[in-house]
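Asker: One structure follows; several queries about it will come next.
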Amino acid sequence: MDQSSLNSLLKPKSVAVVGASSQPGKIGYTVIENLIKGGYKGKLYPINPTATEILSLPVVPSVTALPEAVDLAVITVPVKLVAQVVEECGQKGIKALSVITSGFSEVGRKDLEDQMLEIARRYGMCVLGPNIVGTLSNSDELNASFAPFLPFPGKATLITQSGALLIAMDAITYTRKVGFDKMISIGNMADVDFADLITWLDTDPNTSCICLYIEGFKDGRKFIEASRKTKKPIIALKAGVSAHGAAAAASHTGSLAGAVKVYGAAFQQAGVVQASDLNNLFDRTLALSLQPPLRKENLLIITNGGGVGVLATDAAERYGIPLKFAPADVQEELKKHMPAFGSAKNPVDLTGMAGNDWYYESVKFAYAHPWTDGLVVLYCETAMTNPLEIAQAIKKAIDETGVKDHPVVVSMVGGTRCDQAMQWLVENGIPAYPAPDEAMNGMAALREYNNIRQMIADDGDGCDPTGSKISREIIAKARADGRGSLTEIEAKQVFSAYGLPVTETNLSKSEDEAVTLAKKTGFPIVMKVVSPDIIHKSDAGGVKVNIKDEAGVRSAYQTILKNCKAYKADADIRGIAVQEMAPLGTEVIVGSINDPTFGPTVMFGLGGIFVEVLKDVTFRVAPVNKQQVSQMVGEIRSVAILAGARGEAPRDRAALEDLICRYATMVYDLRDEVAETDANPVLVYEEGKGLKVVDARVILKKK
Ligand code: ADP
Ligand code: MG
């Protein structure tokens with residue numbers, strides 16, 4: 001994407017509205033009306049073949065007849081005319097198109113979208129949409145949309161995949177007093193996508209925070225790359241986290257991967273803060289757009305009411321923010337601005353007697369003090385105080401300290417007077433919320449933003465791919481054999497080619513051969529059925545462990561065959577695998593899927609009930625570096641088990657992390673061939689003693 005064409009799209013010096021109408025109620029009329037009402041200062045050309053004047057503006061009969069190549073053409077003509085119009089725009093030398101018209105891929109007409117795009121590309125034009133509301137920008141006084149007004153002014157920019165939500169959120173900005181500079185409806189993303197806009201907005205001086213409403217990406221990796229590079233906070237609300245991925249998966253990992261987990265992993269890797277719902281998106285956007293990140297842990301709460309202080313404390317715990325008491329000297333000083341029954345601990349309770357002065361003095365002292373990394377100021381409406389004066393005292397105190405890199409958020413709990421005071425605060429750059437838990441949520445977003453950026457700051461070492469050639473030969477053989485998956489033996493050969501420690505496994509075709517192999521391997525051994533028709537071997541009675549002698553081998557051989565035939569009469573049984581028996585260890589599962597949006601994605605979790613019942617697993621888009629793997633392992637709820645629960649020695653976490661890193665390299669390297677994989681279980685031993693993959697599964701991509 002040529003970023004300069006986005007300048008024409010988002011900061012056009014001249015705009016043509018193709019399909020402008022003189023009939024109120026038509027989109028072609030509304031867009032012209034909105035551009036005028038929004039105060040657009042550039043050249044504006046309504047285009048319509050028959051009208052002569054629309055809203056007092058002279059009308060141009062066609063794109064071809066325009067007196068200049070405008071920066072932006074907003075297209076509102078019926079879908080059947082779009083291709084023709086786009087062609088004319090290209091010939092005219094127009095740089096950017098905003099296609100409001102719908103009736104493309106969203107109704108199954110991807111062909112029309114492709115046709116339009118092909119013409120636009122030929123002329124080097126960028127296309128926003130189609131199927132959009134348009135674009136709005138306060139700083140450019142540009143409302144090139146059919147949303148009725150520019151948003152409540154501020155420094156956030158919204159990119160939304162839902163046009164209806166843009167119009168609704170636009171209205172909400174006024175009731176919630178969350179300021180936006182721009183709102184961009186991205187529609188079908190035929191051309192311009194989230195990543196392109198994020199890259200452009202990173203250098204937009206009027207945007208301090210990028211706010212996303214996402215339904216789905218076309219290219220997830222492009223989004224991760226663009227977001228990682230951005231120096232501004234990005235906050236995302238992902239809709240539709242329930243319906244995807246979990247359906248009919250052949251591997252264990254496949255059944256555990258849902259959009260919520262994979263998108264969550266991608267946001268982590270992209271350094272994107274997440275919002276849980278629409279209100280949360282507004283609360284967090286407000287804080288992220290106005291305040292610096294919370295870089296360290298010392299957060300102080302100042303309040304005039306014990307109740308709201310406790311609610312804020314509860315919320316802090318919910319968001320994982322530790323609260324500490326301020327040091328003695330800070331407490332001493334704060335005590336000067338409260339009655340004897342106040343509290344200088346944390347929350348600092350100035351009591352209901354606190355007026356403007358006490359707020360001013362305590363905020364000023366606390367905010368300027370080197371101990372303080374961030375401040376949450378709470379206020380309950382009282383009969384004796386004026387909320388606006390309190391707000392002004394807080395702002396004055398903050399400004400006078402000269403401190404700029406510590407965040408502050410405010411909550412004023414009360415009625416209309418509090419609302420007015422909070423609006424004043426927001427207009428003066430301080431996020432203010434009607435409830436203490438919402439203020440704490442804003443602070444939590446500032447903290448998460450800091451932490452997530454730190455996590456992705458270091459690229460860290462990855463693992464070099466190896467084993468590609470051997471693996472591809474094994475895969476080709478399986479495909480030639482008409483199989484959609486590898487046998488355990490083949491899968492282990494692939495794993496081993498990438499440096500994963502696997503149990504030694506050999507195929508026997510007869511009882512005698514099994515005995516020979518068992519003796520060579522050394523007892524005890526494990527025997528397993530090898531059949532492309534039996535994916536879950538234990539379910540078929542196809543696994544026998546801890547076989548100690550020749551008689552055991554012979555009987556296991558027969559039992560496994562009998563069980564598997566009973567399980568599936570026509571199963572194609574290729575033989576029985578004889579493998580070394582790994583000593584007991586902590587069972588973990590490592591696996592991968594090839595996600596439709598993000599491609600190869602690895603999973604890790606503890607085995608047994610942790611994965612079966614608790615679904616305590618975590619994902620990362622592959623490949624991953626060592627640092628990401630370390631975070632990944634630390635993220636599961638049951639991580640304490642690895643540190644050595646119930647008196648057990650700690651497990652070999654270094655070996656585990658190395659395995660996951662190699663595994664991710666492997667599935668990324670083989671992404672064109674491999675759909676899903678599992679190493680389930682991997683047995684992890686004591687520190688320094690490594691681990692062993694005892695079962696391996698590779699499901700191939702359908703070709
Ligand atoms: P499946 O998952 O197809 O049912 P596995 O190969 O995972 O079959 O075997 C089932 C269980 O048997 C494993 O979860 C593990 O507990 C145990 N097991 C399998 N192979 C070995 C081995 N080589 N050493 C020790 N235990 C094993
Ligand atoms: Mg298994």
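The values are calculated or read from the model by the stated rules, or taken from the named source; none is laboratory data. Just so it is clear, the model here is predicted, and its values are computed rather than measured. Note that each Cβ is placed from the backbone with ideal geometry, even for glycine, and that neighbours are counted across all protein chains shown.
Asker: For the stretch 185-204, which residues satisfy the criterion of being hydroxyl-bearing (Ser, Thr, Tyr) and in contact with a Leu (Cβ under 6 Å, 6 or more places away or on another chain)?
Answerer: At the first step, the residues of the stretch 185-204 found to be hydroxyl-bearing (Ser, Thr, Tyr) are 185, 199, 203.
Hit for the stretch 185-204 is 185, nothing else.
Asker: Sticking with this structure for a sec: Filter the stretch 578-603 for residues that are out of contact with any helix residue (DSSP H, G or I) (no Cβ under 6 Å at 6 or more places or on another chain) and hydrophobic (A, V, I, L, M, F, W, C) and give the result. Can you show your working first?
Answerer: Just the residues of the stretch 578-603 that are out of contact with any helix residue (DSSP H, G or I) (no Cβ under 6 Å at 6 or more places or on another chain), to begin with: 579, 581-588, 594, 596, 599.
Within the stretch 578-603, 581, 582, 584, 588 meet the criteria.
Asker: Looking at (1) exposed (fewer than 14 other Cβ atoms within 10 Å of the Cβ); (2) aliphatic (A, V, I, L, M); (3) within 33 Å of the chain's Cα centre (by Cα), can you tell me which one residue 491 breaks?
Answerer: (1) is the only condition that residue 491 fails.
Asker: Identify all residues within the stretch 530-547 that are more than 15 Å from residue 581 (Cα to Cα) and of a type in the set (Val, Ile, Thr); write none if there are none.
Answerer: First pass over the stretch 530-547, keeping only residues more than 15 Å from residue 581 (Cα to Cα): 530-542.
Scanning the stretch 530-547 gives 530, 534, 535.
Here is a yes/no grid of residues against (1) assigned to a helix (DSSP H, G or I); (2) farther than 18 Å from residue 154 by Cβ:
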residue	(1), (2)
367	yes, yes
388	yes, yes
398	yes, yes
406	no, yes
421	yes, no
449	yes, no
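Asker: It is to be established whether one or more residues within the stretch 651-674 are in a loop (DSSP other than H, G, I, E, B) and of a type in the set (Phe, Trp, Tyr).
Answerer: Initial filter on the stretch 651-674 (in a loop (DSSP other than H, G, I, E, B)): 652, 670-673.
Subsequent filtering for residues that are of a type in the set (Phe, Trp, Tyr) retains none.
No.
Asker: A further question follows. Look at residue 697 and say whether it is within 16 Å of ligand 2 (Cβ to nearest atom), in a strand (DSSP E or B) and either farther than 23 Å from residue 582 by Cβ or modelled with pLDDT of 90 or more (or both).
Answerer: Working: within 16 Å of ligand 2 (Cβ to nearest atom): yes; in a strand (DSSP E or B): yes; either farther than 23 Å from residue 582 by Cβ or modelled with pLDDT of 90 or more (or both): yes.
Judged against the criteria, residue 697 is a match.
Asker: Sticking with this structure for a sec: In this structure, is residue 607 more than 16 Å from ligand 2 (Cβ to nearest atom), more than 30 Å from residue 482 (Cα to Cα) and either without any contact (Cβ under 8 Å) to a residue 24 or more places away in the chain or among the small types (Gly, Ala, Ser) (or both)?
Answerer: Numbers: more than 16 Å from ligand 2 (Cβ to nearest atom): no; more than 30 Å from residue 482 (Cα to Cα): yes; either without any contact (Cβ under 8 Å) to a residue 24 or more places away in the chain or among the small types (Gly, Ala, Ser) (or both): yes.
When the stated conditions are applied, residue 607 does not pass them.
Asker: Another one. For the stretch 299-319, check the following and say yes or no: at least one residue is β-branched (Val, Ile, Thr) and at pLDDT below 95. Break it down stepwise before answering.
Answerer: Residues of the stretch 299-319 β-branched (Val, Ile, Thr): 301-303, 308, 310, 313.
Narrowing the set further to residues that are at pLDDT below 95 leaves none.
Looking through the stretch 299-319, none of the residues is β-branched (Val, Ile, Thr) and at pLDDT below 95.
Asker: Any residue at all in the stretch 40-57 that's more than 19 Å from residue 140 (Cβ to Cβ), in contact (Cβ under 8 Å) with a residue 60 or more places away in the chain and surrounded by fewer than 24 Cβ atoms within 10 Å (Cβ to Cβ)?
Answerer: No: zero hits.
Asker: Within the stretch 662-681, is there a residue that is aromatic (Phe, Trp, Tyr), within 23 Å of residue 220 (Cβ to Cβ) and touching a helix residue (DSSP H, G or I) at 6+ places or on another chain (Cβ under 6 Å)? Quick ask: steps written out before the conclusion?
Answerer: Filtering the stretch 662-681 down to residues aromatic (Phe, Trp, Tyr) leaves 663, 668.
With the extra rule that they be within 23 Å of residue 220 (Cβ to Cβ), the set shrinks to 663, 668.
Remaining after also requiring touching a helix residue (DSSP H, G or I) at 6+ places or on another chain (Cβ under 6 Å): none.
Checked against the condition, which is being aromatic (Phe, Trp, Tyr), within 23 Å of residue 220 (Cβ to Cβ) and touching a helix residue (DSSP H, G or I) at 6+ places or on another chain (Cβ under 6 Å), the stretch 662-681 yields no hits at all.
Asker: Based on what the data block shows, is residue 525 within 14 Å of ligand 1 (Cβ to nearest atom), more than 29 Å from residue 463 (Cβ to Cβ), of a type in the set (A, V, I, L, M) and in contact with an Asp or Glu (Cβ under 9 Å, 6 or more places away or on another chain)?
Answerer: Working: within 14 Å of ligand 1 (Cβ to nearest atom): yes; more than 29 Å from residue 463 (Cβ to Cβ): yes; of a type in the set (A, V, I, L, M): yes; in contact with an Asp or Glu (Cβ under 9 Å, 6 or more places away or on another chain): yes.
Considered against the rule, which asks whether it is within 14 Å of ligand 1 (Cβ to nearest atom), more than 29 Å from residue 463 (Cβ to Cβ), of a type in the set (A, V, I, L, M) and in contact with an Asp or Glu (Cβ under 9 Å, 6 or more places away or on another chain), residue 525 comes out as yes.
Asker: For residues that are closer than 23 Å to residue 530 by Cβ and among the charged types (D, E, K, R), scanning just the stretch 656-699, find the one that is nearest to ligand 1 (Cβ to nearest atom).
Answerer: 695
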